[in-house]
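Comments concern the structure below.
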Amino acid sequence: MSRFSDYIKTEDFKKEKHVPVIDLPENIKAGEAFNVEVTVGKEIPHPNTTEHFIAWILLTYKPEGENFAYELGRVDFTAHGASAAGANQGPAYTNPVAVFNVKLLKPGVLTAVEHCNIHGFWESSKDIKF
Ligand code: FE2
């Protein structure tokens, strides 16, 4: 039986960058809010066209020693140059960068998952230590 996790990729191919990059402040303290910035295509921009784009980024948190992960937030990117004039003729584009302001009480693991409309699901993780 195949599982959804079988389709989530963690390594990039060709020259496109799909794996989300998680940026954190240097000093994170338990119980204090901080920003988690998640970017897709940080080194090499991913295309952002009507036909090919990053649709959303999801951020999850799995506290150390617990059985379940939590969804911290999800951002949809919905403008990719579409307009009544046609594909890629529109005046608006949203780029795949999301900032989540979070407060965590325990160390654990942050995982970002993103969805490219034609290349599927990609993820990366970062440990949170206090
Ligand atoms: Fe893609």
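Derivation of every value follows stated rules applied to the coordinates shown; laboratory data play no part. Model, not experiment: these values are computed from the prediction. So basically every Cβ, Gly included, is an ideal-geometry build from the backbone, and we count neighbours across all protein chains shown.
Results, tabulated for the structure shown:
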read-out: Candidate set from region 92-127 (those that are hydrophobic (A, V, I, L, M, F, W, C) and farther than 30 Å from ASN48 by Cβ); member that is surrounded by the fewest Cβ atoms within 10 Å (Cβ to Cβ); value: LEU105
read-out: Residues that are of a type outside the set (S, T, N, Q), in a loop (DSSP other than H, G, I, E, B) and within 16 Å of the ligand (Cβ to nearest atom), drawn from region 44-73; value: ILE44, PRO45, HIS46, PRO47, GLU51, HIS52, PHE53
read-out: Contacts under 8 angstrom Cβ, first residue in region 91-115 being touching a residue at least 12 places away in the same chain (Cβ under 8 Å), partner among the basic types (Lys, Arg) and assigned to a loop (DSSP other than H, G, I, E, B), 6 or more apart; value: PRO107/LYS129
read-out: Residue ID - surrounded by the fewest Cβ atoms within 10 Å (Cβ to Cβ), chosen from residues in region 12-43 that are more than 12 Å from the ligand (Cβ to nearest atom) and under 30 Å from ALA87 (Cα atoms); value: GLU43
read-out: Residues located in region 97-130, provided they are away from the ligand (no atom under 15 Å from the Cβ) and of a type in the set (Gly, Ala, Ser); value: ALA98, GLY108, ALA112, SER124, SER125
read-out: Residue list for region 51-91, restricted to those being over 19 Å from the mean Cα position of the chain (by Cα) and buried (at least 17 other Cβ atoms within 10 Å of the Cβ); value: GLY81, ALA82
